[in-house]
Amino acid sequence: MNKEDFESLKRGMAQVEAHEAGATTGYVVHHPIDVKAVRARTKLSQNKFASVYHLEASVVKDWEQGRRNPDRAAQTLLQAIEAEPDTLARIIANVHEAIAGLGDLSEERPLKTRRRGSSSPARV
């Protein structure tokens, strides 16, 4: 270990000691989200929770059993579900209903854009 790494380790240990002593500035503490508690608050089974919030049931199970951790986007979604479960369920249902109403988006469609300063579509 070189001197720079050792000094970094010492600074990190000093931050840990400061945190344990009650200091609250100079660092960020990340607390893992308790997925099972979030789901329990909704009173839904794993499968129903996954269905309502458009998640994979196997992923929800893996999160709850500690085999995987939610990524940042999933953590944000879970925090929103924790705060407003009914509102999020309604929003997600509305979004998926709107998407379904768009039809099959897998077929290729020509891109229609406008040329800068022109009222006619650009060639693609």
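A cut-off under 12 angstrom between Cβ atoms defines the neighbours of GLU4, and their net charge, with Lys, Arg +1 and Asp, Glu -1, is +1.
Close amide H partners of ARG68, meaning residues 5 or more places away or on another chain with modelled amide H under 5 Å apart, are TRP63. Stokes-Einstein diffusion of segment 31-100 at 10 °C, 1.306 mPa s viscosity, Kirkwood radius from Cα pairs, rounded to a whole number: 130 µm²/s. Among the trypsin sites (Lys or Arg not before Pro) found in segment 1-86, those both in a DSSP coil and sparsely packed, with 14 or fewer other Cβ atoms within 10 Å of their Cβ, are LYS43, ARG67.
Bear in mind that the values in this text are calculations on the coordinates, not laboratory data. On a predicted model such as this, the values are computed, not experimentally measured, just so you know. For neighbour counting, all protein chains shown are included, and Cβ atoms are generated from backbone atoms with ideal geometry for every residue, glycine included.
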